[in-house]
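Below is one structure, written out as structure tokens; the observations come after it.
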Amino acid sequence: MIVVTGATGNVGRELVRNLAASGAQVTATSRRIAEGDVPDGVLARRAELTDPESLRPVFDGAEALFLHDGGPVAHLLDVPHLLDVAKAGGVRRIVLLSSLGVLTRPESASHGGTGRAIEEAVRQSGLDWTLLRPGGFHSNAFQWAESVREQRTVAAPFGDTGLPTVDPADIAAVAAVALREDGNAGQAYELTGPAVVTPRQQAAALGEAVGEPVRFVELGRDEARARLLRFMPEPVADTTLDVLGAPTEVEQRISPDVERVTGRAPGSFADWARRNAAAFRQGCPVDQVAGEER
């Protein structure tokens, strides 16, 4: 049995579908999950990553674990305790959803520092481990869903600075292989899309997906920072803007790891936009738009 934490996030949701379609026995867990959130045959269990003891019954009989890095509550995780509980339940293989920031922004607690500590705990766990290090997600574009629906506009800073964002479905595909197949233990995979894409190009791709032009409006850094501060702390906002505006060579590097592990090339942002076009069309209810980064 495979346990998927963060099962209602953009990666976890795709991973649960992938594993269920392959015939694997899956338990999907998150803090607000319900039976209707998972495919037939998948067990949905509510639990808190920040409370390892709440996961003890979830891990009972499990062989493999997909561990979400905690996102905004990563600093609250007691990962050694959580992994002890997992091992007691039978887990012998773990795939960690980490972040490229562990390599590129190690000085930043929000982007690399906490992630490094979580990775080290996984490495020292005694389990067969695999680390997944994606950069930005295609699905971060859901933040523009309302403005595209209502105004056919995307507003963002650094319009012509690009990153090789990755499809959450491709992250999930790599995770599924690592959870089910041998040969991935001790590996750290950098996961990117097939090309660097700029915010201006993303706006154009969304326009093609919905069948109407989408205008790009460039924000200055101060205005963009003010918007980010509505829902994230200052250090996180500042580092996020640093990544978007002055990415490092590694942050812009195209990785072959998705294709190396899955045997197929990663999907482009335009592919993702076409698949999710309904979320950007007028009439789509807000509660049907996915918005979790992980």
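The values are calculated or read from the model by the stated rules, or taken from the named source; none is laboratory data. Quantities reported herein were computed from a predicted structural model and do not represent experimental measurements. When we count neighbours, we look across all protein chains shown, and the Cβ atoms used for this are built from the backbone with ideal geometry, even at glycine. To get the accessible areas, we keep the full protein, side chains included, count just its heavy atoms, and leave off ligands, DNA and RNA. Shrake-Rupley method; radii C 1.70, N 1.55, O 1.52, S 1.80 Å.
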Qualifying residues in the stretch 161-187 (those that are of a type in the set (Asp, Glu) and over 13 Å from ASP257 (Cβ atoms)) - the one least open to solvent (accessible area, probe 1.4 Å): ASP167
Failed criterion for PHE137 (all others in (1) open to solvent by 30 Å² or more (accessible area, probe 1.4 Å); (2) of a type in the set (Phe, Trp, Tyr); (3) touching a Pro at 6+ places or on another chain (Cβ under 6 Å) hold): (1)
Residues of the stretch 140-168 that turn out to be more than 25 Å from SER98 (Cα to Cα) and in contact with a Pro (Cβ under 6 Å, 6 or more places away or on another chain), as a count: 2
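Open to solvent by 30 Å² or more (accessible area, probe 1.4 Å), in contact with a Leu (Cβ under 7 Å, 6 or more places away or on another chain) and either polar (S, T, N, Q) or part of a loop (DSSP other than H, G, I, E, B) (or both): does that describe GLN201? Show your work before the answer.
Working: open to solvent by 30 Å² or more (accessible area, probe 1.4 Å): yes; in contact with a Leu (Cβ under 7 Å, 6 or more places away or on another chain): no; either polar (S, T, N, Q) or part of a loop (DSSP other than H, G, I, E, B) (or both): yes.
It is false that GLN201 is open to solvent by 30 Å² or more (accessible area, probe 1.4 Å), in contact with a Leu (Cβ under 7 Å, 6 or more places away or on another chain) and either polar (S, T, N, Q) or part of a loop (DSSP other than H, G, I, E, B) (or both).
Applying the selection to the stretch 26-37, what residues are in contact (Cβ under 8 Å) with a residue 24 or more places away in the chain and more than 21 Å from ASP51 (Cβ to Cβ)?
Of the stretch 26-37, the ones in contact (Cβ under 8 Å) with a residue 24 or more places away in the chain are 26-30, 32-33, 37.
Answer for the stretch 26-37, where residues must be in contact (Cβ under 8 Å) with a residue 24 or more places away in the chain and more than 21 Å from ASP51 (Cβ to Cβ): just VAL26.
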Some residue of the stretch 1-24 being open to solvent by less than 60 Å² (accessible area, probe 1.4 Å), modelled with pLDDT of 95 or more and farther than 29 Å from ARG275 by Cβ: yes
ARG32, sole failed condition from (1) of a type in the set (D, E, K, R); (2) open to solvent by 60 Å² or more (accessible area, probe 1.4 Å); (3) within 30 Å of LEU163 (Cα to Cα): (3)
